[in-house]
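A.B. asks: Once you've had a glance at the structure underneath, I'll fire off some questions.
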Amino acid sequence: MVNRQQLEGKWNEVKGRLKEKWGSLTDDDLTRTEGNVEQLVGVVQQKTGRAREEVERFIDDVVSGS
């Protein structure tokens, strides 16, 4: 699982890719997580209905450049 520092380093890319994949996410949804990985995963789950593992895997892939 990605950590806060990794997330902050790739924040703009992560935010853009999440909104691209799940169009129901807004800047406000993502900004309120303030770099907290757990909160980010929770917000994405709540807005999209996706499984935690799927969301975590997607974020990990974006951060690692996969």
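A.B. asks: Those residues that are among the aliphatic types (A, V, I, L, M) and either open to solvent by 80 Å² or more (accessible area, probe 1.4 Å) or outside any loop (DSSP other than H, G, I, E, B) (or both), I need them from region 1-14; list them, please.
C.D. replies: Going through region 1-14, the residues among the aliphatic types (A, V, I, L, M) turn out to be 1-2, 7, 14.
If the condition is that a residue be among the aliphatic types (A, V, I, L, M) and either open to solvent by 80 Å² or more (accessible area, probe 1.4 Å) or outside any loop (DSSP other than H, G, I, E, B) (or both), then MET1, LEU7, VAL14 are the ones that fit.
A.B. asks: Of all residues in region 1-41, which are within 22 Å of SER66 (Cα to Cα) and touching a Lys or Arg at 6+ places or on another chain (Cβ under 9 Å)?
C.D. replies: Scanning region 1-41 gives VAL2, TRP22, LEU25, LEU30, GLY35, ASN36, VAL37, VAL41.
A.B. asks: Give all pairs with beta carbons closer than 9 Å in which a residue from region 48-66 that is under 14 Å from ARG17 (Cα atoms) meets a residue that is hydrophobic (A, V, I, L, M, F, W, C) and open to solvent by 40 Å² or more (accessible area, probe 1.4 Å); count only pairs at least 6 apart in sequence or on separate chains.
C.D. replies: Correct list of pairs: GLU56/MET1; ILE59/MET1; ASP60/MET1.
For (1) at pLDDT 95 or above; (2) open to solvent by 60 Å² or more (accessible area, probe 1.4 Å); (3) out of contact with any strand residue (DSSP E or B) (no Cβ under 8 Å at 6 or more places or on another chain); (4) among the hydrophobic types (A, V, I, L, M, F, W, C), each residue gets a yes or a no:
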site	(1), (2), (3), (4)
ASP29	no, no, yes, no
GLN46	yes, yes, yes, no
GLU53	yes, yes, yes, no
SER64	no, yes, yes, no
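A.B. asks: If you check SER24 against the conditions, is it out of contact with any strand residue (DSSP E or B) (no Cβ under 8 Å at 6 or more places or on another chain), open to solvent by 80 Å² or more (accessible area, probe 1.4 Å) and outside any helix (DSSP H, G or I)?
C.D. replies: no
A.B. asks: Assigned to a helix (DSSP H, G or I) and either among the polar types (S, T, N, Q) or surrounded by fewer than 14 Cβ atoms within 10 Å (Cβ to Cβ) (or both): is that true of ARG17 in this structure?
C.D. replies: Against the criterion (assigned to a helix (DSSP H, G or I) and either among the polar types (S, T, N, Q) or surrounded by fewer than 14 Cβ atoms within 10 Å (Cβ to Cβ) (or both)), ARG17 does not qualify.
The values are calculated or read from the model by the stated rules, or taken from the named source; none is laboratory data. In this text, all values refer to a predicted model and were calculated from it rather than measured experimentally. Counting neighbours? That spans all protein chains shown, and the Cβs are built from the backbone with ideal geometry, glycine included. We work out accessible area using only protein heavy atoms, side chains counted, and drop any ligands, DNA or RNA first. Shrake-Rupley method; radii C 1.70, N 1.55, O 1.52, S 1.80 Å.
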